[in-house]
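S.K.: The structure's right below; bear with me while I get my questions together.
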Amino acid sequence: MSDAYDPSAEGAQMEFDGRMSYGDYLDLDHILSAQKTWTDTHDEMLFIIQHQTSELWMKLAIHEIAAARRTLAAGETRPAFKMLARVARIFEQLNNAWDVLRTMTPSDYTAFRDALGQSSGFQSYQYRQIEFMLGNRNKAMLRPHEHRPEIVRMLQDELAQPSLYDVALRLLDATIPLPDAVLNRDLSRPWAPDPAVADAWTQVYRNPRQHWELYELAEKLVDFEDYFRRWRFNHVTTVERVIGFKRGTGGTGGVSYLKRMLEVELFPELWHLRTDL
Ligand code: HEM
């Protein structure tokens, strides 16, 4: 039998004394030492990694949404479309991840649930930031972060900026003028559906050729919200499968709270206009 293949024969770098390695570049020692289990149950590792990887993908989503918003505000629609397409794919990735978590049965989860105390995804500040960036702005959601003033400040800064949807509406206004009340609204409040906005988007959809960029922007937003809705739906289904109708560790009614969140519409006019076309 021949010896095992040695990749250095084709030039693979095998010595890293004083050189940047894969682990150095990615700071892997740091990341891979962050999976601290609180019990000796088998499934807790899955639960922790699932949440940590979700938070990493959310970090990338925030990076992309922030850049898309900046780029759109500067009128550069093409690069923004590319970023929005990526955000939708990130959510698709998050959606596929539920399949791994669903291999955890209620018996598996119950074995370590008490170790969570009152911690819950409800307190995910990155998730809240994403919602605020998109326009689902509920100031009550600042309260779970009051013990971390820097996070409250970050979320408040977000509430002071136009959401991604506000920026899209400013672009829409450049072609089809919108009322002042829409353009100069109190940014810290959640977006409420507006008939003039619905009418303007409907004009875009009635004549896509004439308004192609706005049409494409609208479809990018709908595509993203579609994936976001699937995330919410997969979450609530997984939760029902794992804890039934028990209260959440965060203290809400659990499935009842998450079902209520399924009703959130980020870009309502873009969904409603489909009925009238
Ligand atoms: C077995 C797994 C899971 C269970 C049983 C579960 C349960 C729950 C429950 C009951 C809530 C409502 C708040 C509460 O009272 O706690 C919630 C909220 C939340 N969970 Fe999960 N969850 C699970 C997995 C995940 C994963 C993997 C993520 C990914 C980061 C996540 C992110 C969130 C977020 C962001 C919220 C807030 C949703 C909102 O306010 O609209 N959850 N979860």
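S.K.: Residues of segment 226-237 being in contact (Cβ under 8 Å) with a residue 60 or more places away in the chain and either under 11 Å from the mean Cα position of the chain (by Cα) or buried (at least 18 other Cβ atoms within 10 Å of the Cβ) (or both), which ones?
M.R.: Once the filter is applied, which keeps residues that are in contact (Cβ under 8 Å) with a residue 60 or more places away in the chain and either under 11 Å from the mean Cα position of the chain (by Cα) or buried (at least 18 other Cβ atoms within 10 Å of the Cβ) (or both), segment 226-237 yields Tyr227, Phe228, Trp231, Asn234, His235.
S.K.: For segment 64-80, does any single residue satisfy the condition of being part of a loop (DSSP other than H, G, I, E, B) and closer than 17 Å to Met45 by Cα?
M.R.: The answer is no, given that none of the residues of segment 64-80 is part of a loop (DSSP other than H, G, I, E, B) and closer than 17 Å to Met45 by Cα.
S.K.: For segment 2-45, how many residues are in a helix (DSSP H, G or I) and touching a helix residue (DSSP H, G or I) at 6+ places or on another chain (Cβ under 7 Å)?
M.R.: Number of matching residues: 3.
S.K.: Please name all residue pairs, on different chains or six or more residues apart, with Cβ atoms under 7 Å, provided the first residue is in segment 139-161 and is farther than 16 Å from Leu187 by Cβ and at pLDDT 95 or above and the second residue is among the hydrophobic types (A, V, I, L, M, F, W, C) and away from the ligand (no atom under 16 Å from the Cβ).
M.R.: Pairs found: His145/Val152; Glu146/Val152.
S.K.: Could you please find all residues in segment 111-164 being within 16 Å of the chain's Cα centre (by Cα) and on the phi > 0 side of the Ramachandran plot?
M.R.: Across segment 111-164, the qualifying residue is only Gly135.
S.K.: Under 6 Å between Cβ atoms, which residue pairs at least 6 apart in sequence (or on different chains) link something in segment 52-67 that is free of Cβ contacts under 8 Å to residues at least 60 places away in the same chain with a partner that is of a type in the set (Ser, Thr, Tyr) and more than 16 Å from the ligand (Cβ to nearest atom)?
M.R.: none
S.K.: Turning to a different aspect of this structure: So which residues in segment 98-110 are surrounded by 17 or more Cβ atoms within 10 Å (Cβ to Cβ), in a helix (DSSP H, G or I) and not aromatic (Phe, Trp, Tyr), if there are any at all?
M.R.: Once the filter is applied, which keeps residues that are surrounded by 17 or more Cβ atoms within 10 Å (Cβ to Cβ), in a helix (DSSP H, G or I) and not aromatic (Phe, Trp, Tyr), segment 98-110 yields Leu101, Asp108.
S.K.: Here's something else I'd like to know. Counting just the residues of segment 166-186 that are surrounded by 16 or more Cβ atoms within 10 Å (Cβ to Cβ) and not in a helix (DSSP H, G or I), which one comes out modelled with the lowest pLDDT?
M.R.: The extreme case among them is Arg185.
S.K.: Here's a check for you: in segment 218-277, which residue that is under 30 Å from Arg206 (Cβ atoms) and either small (Gly, Ala, Ser) or in contact with a Lys or Arg (Cβ under 6 Å, 6 or more places away or on another chain) (or both) is nearest to the ligand (Cβ to nearest atom)?
M.R.: Applying the filter and picking the extreme gives Leu262.
The values are calculated or read from the model by the stated rules, or taken from the named source; none is laboratory data. Just so you know, these numbers come straight off a predicted model, no measurement behind them. FYI the Cβ positions are ideal-geometry reconstructions off the backbone, even for glycines, and counts take in every protein chain you see.
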